[in-house]
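See structure below.
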Amino acid sequence: MDFKFTPEDESFRQELRTFLETELPGTWEGGGRYPEEDDWDLTRVIRRRMADRGWLTMHWPEEYGGQGASPVKSAIFNEEIAYLRAPGRDIFGVRMLGPTLMIHGSEEQKRTHLPPVARGEVQWCQGYSEPESGSDLASLSTRAVRDGDDLVINGGKIWTTLAHRADWIMLLTRTDPDAPKHRGISFVLVDMKSPGVTVRPIINMAGGHEFNQVLFDNVRVPRANVVGEEDRGWYVAVTLLDFERSGIDYSANARRLLDDVREYATETKRNGQPLMEVPWVRSLMADRYIECEVARLIAYNVAYMQGQGLVPTREASMSKVFGSETVRRVTEAAMDVLGLYGTLGREEKWAPLRGRVQEHWMLSFSGTIAAGTSEVQRNIIAGRGLGLPRG
């Protein structure tokens, strides 16, 4: 791997930074994992302006309205937005659904759904997890019964991010209850305005509203909305998961938090001495910065391999597990440096950094679970990377 960026990549990074600094309000600080929730109207505006510049789907093939940009350039785009905690991205439509449709979707599905995503006009969400079906996703129980040209769906999904904002949901549902659990599943596109769809908010422990429970009560969906073959949706689902797992966001978010804490520790004194001059603080911060850079390079290596036409399955899992656990360690270190003040929320008068450290610490736990738990990632690394036998 060449660890240098091309002049074109560096120019793009600077252009993107300038754009975001111009578009974001001067007081913008962003929120948790999904800064879109801080200002949904601003999210929609910036998303469309990114789309106008061709950035939103620049990694898509030109035949689908993209620019055929390299995976490295796409990683730069994601890194800068994550570091600046900027809204505007569409990870569900652009990163996950779009590439999956390009592989498995019908021509009609591509014509119908890809252009609105590329123009930044539609919000998607992902209906995978259920109350009794998380890491063992194939055990899902949401059911779809064939009725002529329709499927009638009953069941529910949980932890559905941005479902309360979404226009459409990509849904896994069981269409053959008698088949083995990895078979008999279909991947279906469902309009969230369909009669029988109910969205209930789930407030996380940091007080944010990202997650939702989505219920389906006799929801009718045209069978033409099935992506790929009916009863063979597991293969479509796995394709989507490969696009979902990325490590660059983790390292960028962790590095930004470290930068915030370093600035605070430089300006704040304890017993007449700046916190950053305390030996254990300097050592702790240095260790975490090193981990952030390692996580960053692993993520860029994945992008580099993709650009070479390789399939970095184990490397993507390495990036995800190391990146998400780096965020955990960074937030713990930040709490240590801030001490008891770090436990204060944003509503508290004396909360340093507006309570951001406490929020990130709480949210960091979910990062090791979402998009495949650390245990799942290690199983992939062991099986596909090291060739170890299944236990």
**OP:** Sort through 334, 351 and tell me the only one that's closer than 26 Å to residue 299 by Cβ and at pLDDT 90 or above.
**Re:** 334
Subject >> strands (runs of 3 or more DSSP E) wholly inside region 112-171 containing at least 2 residues that are open to solvent by less than 30 Å² (accessible area, probe 1.4 Å) and at pLDDT 95 or above >> reply: 124-127, 150-157
Original post:
Which of the residues belonging to region 221-241 are open to solvent by less than 50 Å² (accessible area, probe 1.4 Å) and among the small types (Gly, Ala, Ser)?
Top reply: 228, 233, 237
Subject >> Out of 384, 346, sole residue that is more than 18 Å from residue 263 (Cβ to Cβ), of a type outside the set (S, T, N, Q), surrounded by fewer than 17 Cβ atoms within 10 Å (Cβ to Cβ) and under 27 Å from the mean Cα position of the chain (by Cα) >> reply: 384
Subject >> Members of region 316-347 that are under 22 Å from residue 82 (Cβ atoms), of a type in the set (D, E, K, R) and free of Cβ contacts under 8 Å to residues at least 40 places away in the same chain >> reply: 332, 346
**OP:** Taking the residues in region 250-284 that are in a helix (DSSP H, G or I) and among the small types (Gly, Ala, Ser) as candidates, determine which candidate is surrounded by the fewest Cβ atoms within 10 Å (Cβ to Cβ).
**Re:** 283
Original post:
If we keep just the residues of region 172-182 that are open to solvent by 10 Å² or more (accessible area, probe 1.4 Å) and closer than 30 Å to residue 378 by Cβ, which is modelled with the lowest pLDDT?
Top reply: 181
Subject >> Leading residue by the ranking (most open to solvent (accessible area, probe 1.4 Å)) among those in region 198-220 that are in contact with an Asp or Glu (Cβ under 9 Å, 6 or more places away or on another chain) and of a type in the set (D, E, K, R) >> reply: 220
Original post:
Taking the condition at positive phi, assigned to a loop (DSSP other than H, G, I, E, B) and touching a helix residue (DSSP H, G or I) at 6+ places or on another chain (Cβ under 7 Å), does residue 387 pass?
Top reply: no
Original post:
If you go through region 347-358 one residue at a time, do you hit one that is in a helix (DSSP H, G or I) and hydrophobic (A, V, I, L, M, F, W, C)?
Top reply: yes
Subject >> Residues (open to solvent by 40 Å² or more (accessible area, probe 1.4 Å) and assigned to a helix (DSSP H, G or I)) located in region 299-308 >> reply: 301, 304, 306, 307
**OP:** Report, by residue number, each residue of region 57-73 that is of a type in the set (Ser, Thr, Tyr) and buried (at least 23 other Cβ atoms within 10 Å of the Cβ).
**Re:** 57
Original post:
Quick one: what pairs do we get from region 172-189, first residue aromatic (Phe, Trp, Tyr), second open to solvent by less than 60 Å² (accessible area, probe 1.4 Å) and in a loop (DSSP other than H, G, I, E, B), C-beta under 9 Å, 6+ apart or different chains?
Top reply: 187/228
Original post:
Looking at 84, 101, 114, which is the one that is under 30 Å from residue 27 (Cα atoms) and either hydroxyl-bearing (Ser, Thr, Tyr) or within 20 Å of the chain's Cα centre (by Cα) (or both)?
Top reply: 84
**OP:** Scan region 364-391 and report the pairs whose first residue is over 13 Å from residue 325 (Cβ atoms) and free of Cβ contacts under 8 Å to residues at least 24 places away in the same chain and whose second residue is open to solvent by 40 Å² or more (accessible area, probe 1.4 Å) and part of a loop (DSSP other than H, G, I, E, B), with Cβ atoms within less than 7 Å and a gap of 6+ or a chain change.
**Re:** 382/388; 383/390
Original post:
With (1) part of a helix (DSSP H, G or I); (2) among the charged types (D, E, K, R); (3) at pLDDT below 95 as the list, and residue 85 as the residue in question, which single condition is left unmet?
Top reply: (1)
Subject >> Output for region 262-294, where each listed residue is within 23 Å of the chain's Cα centre (by Cα) and closer than 27 Å to residue 351 by Cβ >> reply: 288, 289, 291, 292
Original post:
What do you reckon, is residue 85 open to solvent by 30 Å² or more (accessible area, probe 1.4 Å), of a type outside the set (Ser, Thr, Tyr) and more than 28 Å from residue 308 (Cα to Cα)?
Top reply: no
Original post:
Can you tell me how many residues in region 326-343 are open to solvent by 30 Å² or more (accessible area, probe 1.4 Å) and under 17 Å from the mean Cα position of the chain (by Cα)?
Top reply: 1
Subject >> Flag if residue 104 is out of contact with any Lys or Arg (no Cβ under 7 Å at 6 or more places or on another chain) and open to solvent by 50 Å² or more (accessible area, probe 1.4 Å) >> reply: yes
**OP:** Please specify each residue of region 366-381 satisfying the condition of being in a helix (DSSP H, G or I) and surrounded by 14 or more Cβ atoms within 10 Å (Cβ to Cβ).
**Re:** 366, 367, 374, 376, 377, 378, 379, 380, 381
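The values are calculated or read from the model by the stated rules, or taken from the named source; none is laboratory data. Here the structure is a predicted model, which means the values were calculated and not measured. Glycine also receives a Cβ, built like all others from the backbone with ideal geometry; neighbour counts cover every protein chain displayed. Note: accessible area is taken over every heavy atom of the protein model, side chains too, but ligands, DNA and RNA are not part of it. Shrake-Rupley method; radii C 1.70, N 1.55, O 1.52, S 1.80 Å.
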